[in-house]
Amino acid sequence: MTDASGGNAKRIVVAGSTGYLGKFATREFNQRGYRVRALARSVERLEEPGPFTAPAIPRAEIDDVFVGEATKPETLEGLFDGGVDIVFSSLGISRQRDGLTFEKVDYQANRNLIDLCIEHGVRKFVYVSMLGHEQIAHLAITKAHERVVADLEASGLEYAIVRPSGYFSDMGAIIDMAKRGRVYLVGEGTNLFNPIHGADLAAVCADAAAGDDLVVEAGGPDVLSQRDAAELAFDVLDKPPKITVIPLWLAYGLARFIGVLNRQFGDLAQFIVTAGEVDGVGPARGKITLRSYFEELA
Ligand SMILES: NC(=O)c1ccc[n+]([C@@H]2O[C@H](COP(=O)([O-])OP(=O)(O)OC[C@H]3O[C@@H](n4cnc5c(N)ncnc54)[C@H](OP(=O)(O)O)[C@@H]3O)[C@@H](O)[C@H]2O)c1
């Protein structure tokens, strides 16, 4: 059977290819024999290693790089030239860079890609949202992600929604603080979650692209609290644990204050504070332990 490109390998566009998960996903799809077209705003960012062990993606190793900006559909002309079977997207704001809202990036950029998929007869869209969205439905980031999910459900495209718990990249921030001597936690830090390594999650995403499940929840092998993660970081660094708790009332107050100054930063702060309060444990699909990851970063 041949694919849209006339070859035997399926063609996939990876959106968010320069991000933490996107780099691992680009590498994973490539290793699984897909013809990968990475959508990126910057080829340099794709080629250099990302933070928290995200791999470099040498230009020569993948089929194609398309330079464009998904928030600006006029820059995406030609993205589907030659035929594309699947779009994978982990495009979204996790660290603030451009001053754009979740609505403009997490929702609208992905909506633009969905529209193009429909127009160009792409078969399937694999989208990365979040685990436990029902508990945090009021947040701007959740609303944006779940609008994408709802649009996909109504699109007529085949789709898969990947719902991960926290990422190891966020745990990298904890060991960075531990290296500086003190970890700050929002709330008591007792809420439970099972973060997953980008490489493990990329494999889950590639399985979702190949499989029939509409929703795939995923977490890592260790269920732990933020406090456990902080103590683990100190243990790996062989330092005495020093943990300071920022009470929720104060953190919410700060997030609201930040929101008055800048709505988008306020929304991001609200998300970080709320993440310090709710549990987020998914099926343990990842194999890489947080200890081994911290040992690598230490
Ligand atoms: N961190 C978590 O615990 C967690 C948990 C569940 C779900 N998620 C979701 O997973 C997704 C991926 O997370 P991640 O940690 O891999 O994110 P990341 O490292 O920040 O990568 C985000 C990607 O989106 C792109 N992007 C951001 N703003 C853009 C804009 N204005 N225009 C075009 N592209 C833009 C980035 O491109 P540039 O490199 O050009 O900026 C990058 O490729 C996000 O949607 C996040 O909400 C995260």
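Would you please give the FRET efficiency between LEU248 and HIS120, computed as 1/(1 + (r/R0)^6) with r the Cβ-Cβ distance and R0 = 35 Å, to the nearest 0.05? Calculated value: 0.15. At what distance in angstrom do the alpha carbon centres of the stretch 28-54 and the stretch 192-244 lie from each other? Centre-to-centre (Cα) distance: 21 Å.
Considering only DSSP beta bridges where both residues belong to the stretch 144-293, give the percentage that are antiparallel (nearest 5).
15 percent
Between ARG97 and GLU277, the FRET efficiency from the beta-carbon distance, with R0 = 22 Å, is close to 0.25. Under 20 Å of direct C-alpha separation, and excluding same-chain neighbours fewer than eight residues apart, LYS104 reaches these lysines: LYS72, LYS143.
Fully extended, how many nm does the chain gain between ALA60 and GLU47 (0.36 nm per residue separation, minus their Cα-Cα distance)?
Result for the pair: 3.7 nm of gain on full extension.
Considering only DSSP beta bridges with both partners in the chain, what is the antiparallel share in %, to the nearest 5? Antiparallel bridges: around 5 percent, rounded to the nearest 5.
Relative contact order for the chain using alpha-carbon pairs under 8 Å, separation at least 6, rounded to a whole percent? It would help to have the intermediate numbers written out before the result.
Values: 600 pairs, mean separation 52.0, N = 298.
Answer for the chain is 17 percent.
How far, in degrees from 0 to 90, does helix 263-275 lean away from the longest principal axis of the Cα atoms of the chain, to the nearest 10? In the chain, helix 263-275 runs at an angle near 70 degrees to the longest axis. Here VAL14, VAL105, VAL87 are placed in order of increasing Cβ neighbour count within 10 Å, fewest first, which gives VAL105, VAL87, VAL14. Of the peptides 64-75, 30-41, the ranking by mean beta-carbon count within 10 Å, highest at the top, reads 30-41, 64-75. Only helical runs count toward this figure. For the chain, summing -39,500 (n - 2.57) over DSSP H runs of n ≥ 4 and dividing by all residues gives -12000 deg cm²/dmol at 222 nm. Between SER42, LEU79, VAL245, the Cα set farthest toward the positive side of the dipole of the chain (charges on each charged residue's Cβ, about the Cα centre) is that of VAL245. Write out the trypsin sites (Lys or Arg not before Pro) in the stretch 65-114 meeting two conditions: DSSP loop, and at most 16 other Cβ atoms within 10 Å of their Cβ. For trypsin sites (Lys or Arg not before Pro) across the stretch 65-114 that sit outside H, G, I, E and B with at most 16 neighbouring Cβ atoms in 10 Å, the list reads ARG95, ARG97.
A crude spin-label estimate for the pair SER292 and ASP235, with each label 7 Å from Cα along the Cβ direction, gives 1.7 nm. Could you state the angle between the C-alpha long axis of helix 226-237 and the longest principal axis of the C-alpha atoms of the chain, as a value from 0 to 90 degrees rounded to the nearest 10? The answer is roughly 80 degrees. Could you work out how far helix 140-155 tilts from the main Cα principal axis of the chain, as a 0 to 90 degree angle to the nearest 10? Compared with the principal axis, the helix lies near 30 degrees.
Read-outs: derived from the displayed coordinates by stated rules, not from any lab. The structure displayed is predicted, hence computed values, not measured ones. Neighbour counts run over all protein chains shown; Cβ positions are idealised from the backbone, glycine included.
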